[in-house]
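Working notes for the structure below.
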Amino acid sequence: MKSKSLPFLNDEKQETALKLTYVRSGSKKMILVFLVFLFCFYLLHSFTKNSKVRFTRQDSENSVDILEGTTAPPISEYLLSKESERLTRKLSVSQAFVVSAYFYPTSKSLGENAIALNMVVDSINFDSSNYEYSFVGSNETHSESGLAVSQTQSNNKCRYASSVATGNSLDNLTKLELESNGTRVEVIPFKIARYTAPKPVIICVSPQFVAEQWPIFIMHAHTAHRFGGHMHIYVTSIIHEYFDLMKEYERQGYVTMEMWLRMKFEQPGSKFFEPNLNTELRNQAGAASDCLLQYKEAAEYIAFFDMNDLLFPVHYPTYLEEFNAIWAQKPNATSLVYKQVEHEFLNPSNLSEYSFHELVASLRTSSARSFRVVVKPVLHNSIGIHGSDWEDPNTRSPISISAFEFISHISRIHVASPHIIHVKNPVWKNKTKEFEHIRNPRFWIFNETIHQNDVIAIHDDILRLKTNKKISRVGPSLPSEDFYSPIIFQCFVSQFYGKPLEECPNAEKCTLPQRKNTKCMHTNAEYISGPPTHPFTFHFFRNPIWSSEYGCYQ
């Protein structure tokens, strides 16, 4: 750019004037940049200040806004970790994490305008069973207080218990607050419970983490679809390519994916034990209860399975008909109990080689390991990993009726046949057995029943989905071996598999290596804590998201 001449000055003075002009111009630019910076800082400060979560303390008739604390001490100051005190030390405040909340305008079992709060609660400080939680429900015109009575599902080796509290509130509910010692906390935004379901039978799948076993997922998704079931799958973390596959199955109507969040106390305000370490198996009971509460008014039956639990009805063509026939023999029963029988199978190396015919032909049977339950949701308000702690545990008596043979509690029916095919031991083609070095159970010839016409139908359905553009595109990038599953299994064997429980069972102490070329999708959210109150401090989350930045962790 050419300099402008100043005719009224000589050459030397012109040069000096031009220099001053450039200096002043540069100074103005610097001042302008500085002012813009100050303005942006002001906007950021104002947004942060105004976006803080507000809680309301009720003092007599006056309500005072209390901003979420900004000078809270670090969490480490409150965190307790002494193992000998984990199940004995009583604290002045119980921490409670609100997992989910539901509103039922009408309910066959809960009544009109019912609410359900699904929580994880420190159960050592006092007995939280049948505890009455105070809440306030509001609509557009007024507010009303109420009490929600809790049921807990607990493991005596864990400090925290899954707890569901139910009560009744106002019609057209718009806001739900929990109250503790006069302080209200607006909990996680509640959802309206479902009144329609994709299928009459919902299969709730326990929370998946570092999920990678896509061949088992395909097997289960198509099996459930064949027999009139719909999978509702809880996921904390999952291999990226497997995530893409599952998402496409969701778009095709085979499954529903639900983000399952880790628990976090953002501002505990008092002493506490870490919740994930002291809750059973990723709060699996909480996920089961959440699924139950979602579909309570919509599903005929709900099954609570692991991803690798396959049920093939043998007497009727659908789950609905088979469950109906069994239940008709014992109308007062509250659940069906199916044995899990462990099985070995041959894993395909890639999606193009996936053959349901070959997979079924490779199945070999071992022994029964555990059991899973199927319930009528109208009969339950909460559920545990292996059924409800609130069912009648009276003595069993054997019954044989028609095509079914089963053993019955007054409240449970133990179905003798069929069994759940628990596909636990995958054998990858041209590779060694995955778990052979960890635990080597004996396997025999396959002795369960799968009808040939069902095998053909499921095989053809898988072939149809394999031609889907998105599925065929993600297929070549799916894992050709399991990396995390053997690590987790080894960790579980060392901690609690096949031995008396000595600690709260979970994967928190498992070391999960990170691989450069393996990426995971992981759940995350904005975590919020209510003000410290007695006897509860409530914590919750909002705005859950999938993140690819977190890593492959639980």
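The values are calculated or read from the model by the stated rules, or taken from the named source; none is laboratory data. In this text, all values refer to a predicted model and were calculated from it rather than measured experimentally. Cβ: placed from backbone, ideal geometry, glycine included. Neighbour counts: every protein chain shown. To get the accessible areas, we keep the full protein, side chains included, count just its heavy atoms, and leave off ligands, DNA and RNA. Shrake-Rupley method; radii C 1.70, N 1.55, O 1.52, S 1.80 Å.
Provide a single number: the residues in region 322-343 that are part of a helix (DSSP H, G or I), closer than 20 Å to Ser388 by Cα and touching a Phe, Trp or Tyr at 6+ places or on another chain (Cβ under 7 Å).
2
From the list Phe489, Phe483, which residue is within 30 Å of Leu87 (Cβ to Cβ) and of a type in the set (A, V, I, L, M, F, W, C)? Show your work before the answer.
Details: Phe483 fails: within 30 Å of Leu87 (Cβ to Cβ).
Just one listed residue meets the conditions, Phe489.
Taking the condition farther than 30 Å from Glu77 by Cβ, open to solvent by 10 Å² or more (accessible area, probe 1.4 Å) and modelled with pLDDT of 95 or more, does Asp244 pass?
yes
Scanning region 269-295 for residues that are touching a Pro at 6+ places or on another chain (Cβ under 8 Å) and over 17 Å from Ser123 (Cα atoms), which turns out most open to solvent (accessible area, probe 1.4 Å)? Give the derivation first.
Narrowing region 269-295 to residues touching a Pro at 6+ places or on another chain (Cβ under 8 Å): 269-270, 280-284, 287, 292, 295.
Pick out the ones that are also over 17 Å from Ser123 (Cα atoms) and you get 269, 287, 292, 295.
Values: Gly269: 31, Ala287: 2, Leu292: 0, Tyr295: 0 Å².
Checked region 269-295; the qualifying residue most open to solvent (accessible area, probe 1.4 Å) is Gly269.
Being touching a Lys or Arg at 6+ places or on another chain (Cβ under 7 Å), outside any strand (DSSP E or B) and at pLDDT below 95 is the requirement here; does Ser349 meet it?
Judged against the criteria, Ser349 is a match.
Are any residues in region 160-203 among the small types (Gly, Ala, Ser) and not in a strand (DSSP E or B), and if so, which ones?
Matches in region 160-203: Ser169, Gly182, Ala193, Ala197.
Taking the options Glu112, Glu77, Glu61, name whichever one is at negative phi, open to solvent by 80 Å² or more (accessible area, probe 1.4 Å), modelled with pLDDT of 95 or more and acidic (Asp, Glu).
From the options Glu112, Glu77, Glu61, the qualifying one is Glu112.
Only helices (runs of 4 or more DSSP H) wholly contained in region 205-321 count here; list those with 1 or more residues that are in contact with a Lys or Arg (Cβ under 7 Å, 6 or more places away or on another chain) and of a type in the set (Phe, Trp, Tyr).
Answer list for region 205-321: 284-295.
For region 509-554, which positions are more than 16 Å from Phe209 (Cβ to Cβ), open to solvent by 70 Å² or more (accessible area, probe 1.4 Å) and over 22 Å from the mean Cα position of the chain (by Cα)?
Correct list: Lys516, Asn517, Pro532, His534.
Looking at region 83-103, I want the residues that are among the charged types (D, E, K, R) and have a partner that is at pLDDT 95 or above and open to solvent by less than 20 Å² (accessible area, probe 1.4 Å) with Cβ atoms under 6 Å, at least 6 apart or on another chain. Which pairs are those?
From residues that are among the charged types (D, E, K, R), the pairs are Arg86/Arg159.
How many residues, within region 146-172, are open to solvent by less than 50 Å² (accessible area, probe 1.4 Å) and either more than 21 Å from Phe538 (Cα to Cα) or touching a helix residue (DSSP H, G or I) at 6+ places or on another chain (Cβ under 7 Å) (or both)?
Here the count works out to 6.
Checking Ser134 against (1) open to solvent by 10 Å² or more (accessible area, probe 1.4 Å); (2) under 30 Å from Phe323 (Cα atoms); (3) in a strand (DSSP E or B): exactly one of these is not met. Which one?
The single condition Ser134 does not satisfy is (2).
Starting from residues that are touching a residue at least 24 places away in the same chain (Cβ under 8 Å) and open to solvent by 10 Å² or more (accessible area, probe 1.4 Å), keep the ones in region 313-323 and report whichever is farthest from the chain's Cα centre (by Cα).
The qualifying residue farthest from the chain's Cα centre (by Cα) is His315.
Name every residue in region 458-484 that is open to solvent by 20 Å² or more (accessible area, probe 1.4 Å) and in contact with an Asp or Glu (Cβ under 8 Å, 6 or more places away or on another chain), in order of residue number.
Asn468, Lys470, Ser477, Pro479, Phe483
Name the helices (runs of 4 or more DSSP H) wholly within region 426-541 that hold at least 1 residues that are small (Gly, Ala, Ser) and closer than 26 Å to Thr365 by Cβ?
Correct list: 452-466, 484-495.
How many of the residues making up region 115-131 are β-branched (Val, Ile, Thr) and either loosely packed, with under 14 Cβ neighbours inside 10 Å or at pLDDT below 95 (or both)?
0
Checking Ala303 against (1) crowded, with 22+ Cβ neighbours inside 10 Å; (2) hydrophobic (A, V, I, L, M, F, W, C); (3) under 15 Å from the mean Cα position of the chain (by Cα), which test does it fail?
(3)
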